[in-house]
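> Before I ask anything, here is the structure I am working with.
The values are calculated or read from the model by the stated rules, or taken from the named source; none is laboratory data. Owing to the predicted nature of the structure, the values given are computational and were not obtained by experimental measurement. Every residue, glycine among them, receives a Cβ derived from its backbone with ideal geometry; neighbour counts consider all protein chains shown. The accessibility values were calculated without ligands, DNA or RNA, using every heavy atom of the protein model including side chains. Shrake-Rupley method; radii C 1.70, N 1.55, O 1.52, S 1.80 Å.
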Amino acid sequence: RAMSAAPEVVLDGLPYIDSEYSDPALRKIVDKMVKDEMRTFRPPDYLASMPMPETQSESVVVRDMFDRKSAPPKMSFDAERYKVIPPAGSDMKKWKAALKRAQTQIEHQSARIVNLELMKRYGSNAWRGYAEYLAEFEEIVSKNLTEIKTDVRELNRKRKASQLAV
């Protein structure tokens with residue numbers, strides 16, 4: 001698919017110019033203010049000491065995300081209960097626990113088989129539909145990008161014209 005791209009215009013002008021900055025006295029004051037501010041900078045993770053912000057969102061998803069983020073970390077995943085290892089000895093509790101783990105694994109494998117069969121039967125159609133959706137979405141996004149680039153070029157032309165007029 002061929003797209004007609006407008007030739008790129010290289011502008012050597014800045015987005016804006018502070019004409020007052022050319023005054024040596026004002027430049028000295030501004031440079032001193034910048035240096036003073038830079039001395040107060042902290043390490044890169046300057047938000048680490050701050051609490052998570054309170055959310056005013058009505059969205060359950062956003063509130064849930066903030067709750068999970070501010071909650072202490074949960075225990076790591078325990079894979080021991082999924083292993084099917086026969087217990088040693090004849091302790092009935094251990095054998096029942098092993099039987100329950102084995103039944104869980106059988107159910108898990110059954111669910112995986114059903115999912116694979118569904119994917120085999122309907123997956124290609126779903127992917128085809130998704131690919132069509134992505135193609136349409138890409139077309140829309142490309143059109144928006146072209147419009148934005150045109151707007152930016154026009155804005156930069158106006159800015160350059162105003163700078164050259166100064």
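> In region 107-161, how many residues are within 30 Å of Tyr82 (Cα to Cα) and aliphatic (A, V, I, L, M)?
The number of residues fulfilling the criteria is 6.
> Let me ask another. Here is a list of conditions, (1) loosely packed, with under 11 Cβ neighbours inside 10 Å; (2) modelled with pLDDT under 70; (3) within 34 Å of the chain's Cα centre (by Cα), and Glu80 meets all of them except one; can you say which number that is?
Only one criterion is unmet by Glu80, namely (2).
> Based on what the data block shows, is Glu107 open to solvent by 70 Å² or more (accessible area, probe 1.4 Å) and under 29 Å from the mean Cα position of the chain (by Cα)?
Answer is no for this residue.
> Mind checking whether some residue in region 3-26 is assigned to a helix (DSSP H, G or I), surrounded by 10 or more Cβ atoms within 10 Å (Cβ to Cβ), modelled with pLDDT of 75 or more and out of contact with any helix residue (DSSP H, G or I) (no Cβ under 8 Å at 6 or more places or on another chain)?
no
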